Amino acid sequence: MSDAVREAPVAGPEAPVLRRLSVLDRFLPVWILAAMAAGLLLGRLVPGFDDALAAVEVGGVSLPIAAGLLLMMYPVLAKVRYTELGRVAGDRRLLAASLVLNWLVGPAVMFALAWLLLPDLPEYRTGLVVVGLARCIAMVLIWNDLSCGDREAAAVLVAVNAVFQVVAFGALGWFYLQVLPGWLGLPTTSAEFSVAAIVVSVLVFLGVPLAAGALTRVLGERARGRAWYEQRFLPRIGPVALYGLLFTIVVLFALQGDAIASRPWDVARIALPLLAYFVLLFGGSFLLGMRLRLGYARTATLAFTAAGNNFELAIAVAIGTFGVTSGQALAGVVGPLVEVPVLVALVYVSLWAARWFPGDPTVPVRSTP
């Protein structure tokens, strides 16, 4: 984390976790749960509401969801100091660890958990494998920012994941759905992934807000200077990210309210391997970052970029490949149902774990009373 002082009031690692967050962030779990409940109620109680939301799509994703994601990501990417990306890109330990965790460990862990915990449910199992292949490029920026991770490092890792997403998603899908199960004597699944859909998803959900954020910083600093930009402008647009997140959650669960409410036991079965996946990836990545002595900020960034998934791409691929009413699509939808509250909780865990980095300048600093 290059900018040691965040706009959100935070305290030293010896202080309670809640005191390290702003009032808006402090009650984020409450807002998240309320947004999920509101979305489910809208989807169940308002006739045709989900059909209206799904009527227009961008890259296979509902236009309202796309709008929410762009609102969510733009303020975070406007905070990045793009002139410092070269410094982050030179950290070979961070980049190597992230690539291994995202493209070797993550998909393998999800494959193993899906087969161990859903051996009798092939559609849900396939959907979870697809979720495991869709590495983070979007919402992880929110979790990283809330945990006071390294913004510049997150921007680099998200960009790297975006490139690998385009190159590797189809090949890894073929490997984990057909080749590896065949080697292990397990049933295989045939699936054709649209490379065009993946490219569109990456360009829309990363390229647009990334370009907007970079342009905003360049023009803002050129017009008024860095001090004004970071001390006056960024605090004003910062809350927009959380508003975008909450809006996205409402729309997402409104779209799938019927499916979630009508199959609660199936949702619980799908949620179990997802919960194990997020905890294992985050915990293992955090410990690896500590072992590599990356410092608190980059350790948090490594952990969240490894644990997070690109649920919008996973849902788009599942719907495009298997159909909107398929079990694979339901598994994709349950992904954010579990991921959002779990990663919010892990933000608190990460801030609490900052006490394990004594003397580290990237640890969230104590704010003035």
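Within the range 79-106, residues that are farther than 30 Å from Gln231 by Cβ reach partners that are of a type in the set (Lys, Arg) with beta carbons closer than 6 Å, at six or more positions or on different chains, in the pairs Asn102/Arg135. In the range 36-74, of all residues being in contact with an Asp or Glu (Cβ under 7 Å, 6 or more places away or on another chain), farther than 12 Å from Val250 by Cβ and modelled with pLDDT of 75 or more, the one that is surrounded by the most Cβ atoms within 10 Å (Cβ to Cβ) corresponds to Leu69. Filtering Leu280, Leu302, Leu288, Leu292 for residues that are of a type in the set (A, V, I, L, M, F, W, C), buried (at least 24 other Cβ atoms within 10 Å of the Cβ), closer than 30 Å to Gly359 by Cβ and in contact with a Leu (Cβ under 9 Å, 6 or more places away or on another chain) leaves a single hit, Leu302.
Regarding Arg226, is this residue farther than 25 Å from Thr126 by Cβ and either out of contact with any Lys or Arg (no Cβ under 9 Å at 6 or more places or on another chain) or free of Cβ contacts under 8 Å to residues at least 12 places away in the same chain (or both)? When the stated conditions are applied, Arg226 passes them.
Quick one: which residue in Ser201, Ser194 is surrounded by fewer than 22 Cβ atoms within 10 Å (Cβ to Cβ), of a type in the set (Ser, Thr, Tyr), at pLDDT below 90 and out of contact with any Phe, Trp or Tyr (no Cβ under 8 Å at 6 or more places or on another chain)? Just a single option satisfies the conditions, and that option is Ser194. Per this entry, Gly289 is not counted among residues that are in a helix (DSSP H, G or I), of a type outside the set (A, V, I, L, M), over 20 Å from Val76 (Cβ atoms) and modelled with pLDDT under 95. Counting the residues of the range 91-109 that are closer than 12 Å to Val156 by Cβ and either modelled with pLDDT under 85 or in contact with a Lys or Arg (Cβ under 8 Å, 6 or more places away or on another chain) (or both) gives 2.
Among the residues of the range 308-330, those identified as within 21 Å of Ala171 (Cα to Cα) and of a type in the set (A, V, I, L, M) are Leu313, Ala314, Ile315, Ala316, Val317, Ala318, Ile319, Ala329.
With the structure loaded, tell me whether Leu85 is farther than 24 Å from Thr305 by Cβ, aliphatic (A, V, I, L, M) and out of contact with any strand residue (DSSP E or B) (no Cβ under 6 Å at 6 or more places or on another chain) or whether it fails that test.
Answer is no for this residue.
Kindly provide the set of residues from the range 74-90 that are outside any helix (DSSP H, G or I) and under 13 Å from Ala155 (Cβ atoms), ordered by number. Hits for the range 74-90 are Val80, Arg81. All of (1) under 22 Å from Gly106 (Cβ atoms); (2) at pLDDT 80 or above hold for Ile315 with one exception: (2). Looking only at the range 134-157, residues that are closer than 25 Å to Phe111 by Cα, assigned to a helix (DSSP H, G or I) and either modelled with pLDDT of 85 or more or over 11 Å from the mean Cα position of the chain (by Cα) (or both) come to 2 in all.
Out of curiosity, is Leu77 within 24 Å of Leu252 (Cβ to Cβ) and either surrounded by 15 or more Cβ atoms within 10 Å (Cβ to Cβ) or modelled with pLDDT under 95 (or both)? Here the answer is yes, as Leu77 does meet what is asked. Would you check which residues across the range 111-124 are in contact (Cβ under 8 Å) with a residue 60 or more places away in the chain and in a helix (DSSP H, G or I) and list them? Matches in the range 111-124: Phe111, Leu113, Ala114, Trp115, Leu116, Leu117, Pro122, Glu123, Tyr124. Is it the case, given these coordinates, that Val204 is in contact (Cβ under 8 Å) with a residue 24 or more places away in the chain and in a helix (DSSP H, G or I)? In short, yes. Candidates in the range 158-184 are the residues that are under 28 Å from Pro341 (Cβ atoms) and among the aliphatic types (A, V, I, L, M); of these, the one that is modelled with the lowest pLDDT is Ala162.
Got a sec? Which of Leu351, Leu330, Leu313, Leu337 is within 28 Å of Ala196 (Cα to Cα), part of a helix (DSSP H, G or I) and either touching a Lys or Arg at 6+ places or on another chain (Cβ under 8 Å) or among the aromatic types (Phe, Trp, Tyr) (or both)? Every option except Leu330 fails the conditions.
The values are calculated or read from the model by the stated rules, or taken from the named source; none is laboratory data. This is a predicted model, so every value here is computed, not measured. Backbone-built Cβ (ideal geometry, glycine too); neighbour counts: all protein chains shown.
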